[in-house]
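Report on the structure given below.
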Amino acid sequence: MLLLCSVGLLRKISFSLEWQFCGLGTLALRELETRHPDLTWYTTGQYEPAQGFYERYRHSSHSPWTDEQHPCPHF
Ligand SMILES: [Zn+2]
């Protein structure tokens, strides 16, 4: 029997400069959360350019921060 931990990890995601600030990142993460509503998507410390994005994104998402690079042993 497969036991699912329900932990997802958003780790070091980046878009090239020409694709930033156009809503694509938010759209992509929304789609991920919509497709996998049973998972909790943890966010690690991101690359500095993405930190502002995640701060804004989390205003409308429950994706929690984690200091752990491996919030679940399966990573
Ligand atoms: Zn796991």
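The table for this structure:
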{"quantity": "Those residues of segment 13-28 which are surrounded by 11 or more Cβ atoms within 10 Å (Cβ to Cβ), assigned to a loop (DSSP other than H, G, I, E, B) and not small (Gly, Ala, Ser), in sequence order", "calculated": "13, 15, 20"}
{"quantity": "Residues satisfying the stated conditions in segment 36-50, i.e. open to solvent by 80 Å² or more (accessible area, probe 1.4 Å) and either assigned to a helix (DSSP H, G or I) or without any contact (Cβ under 8 Å) to a residue 12 or more places away in the chain (or both)", "calculated": "37, 48, 49"}
{"quantity": "Residue that is farthest from residue 71 (Cα to Cα) [pool: residues in segment 1-12 that are part of a loop (DSSP other than H, G, I, E, B) and within 16 Å of the ligand (Cβ to nearest atom)]", "calculated": "1"}
{"quantity": "Selection within segment 28-75 - of a type in the set (S, T, N, Q), at pLDDT 90 or above and either within 13 Å of the ligand (Cβ to nearest atom) or on the phi > 0 side of the Ramachandran plot (or both)", "calculated": "40"}
{"quantity": "Complete set of residues in segment 51-73 that are closer than 17 Å to residue 34 by Cβ and either open to solvent by 30 Å² or more (accessible area, probe 1.4 Å) or in a helix (DSSP H, G or I) (or both)", "calculated": "57, 58, 60, 62"}
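The values are calculated or read from the model by the stated rules, or taken from the named source; none is laboratory data. Model, not experiment: these values are computed from the prediction. Neighbour counts run over all protein chains shown; Cβ positions are idealised from the backbone, glycine included. For accessibility, only protein heavy atoms count, side chains too; no ligands or nucleic acids. Shrake-Rupley method; radii C 1.70, N 1.55, O 1.52, S 1.80 Å.
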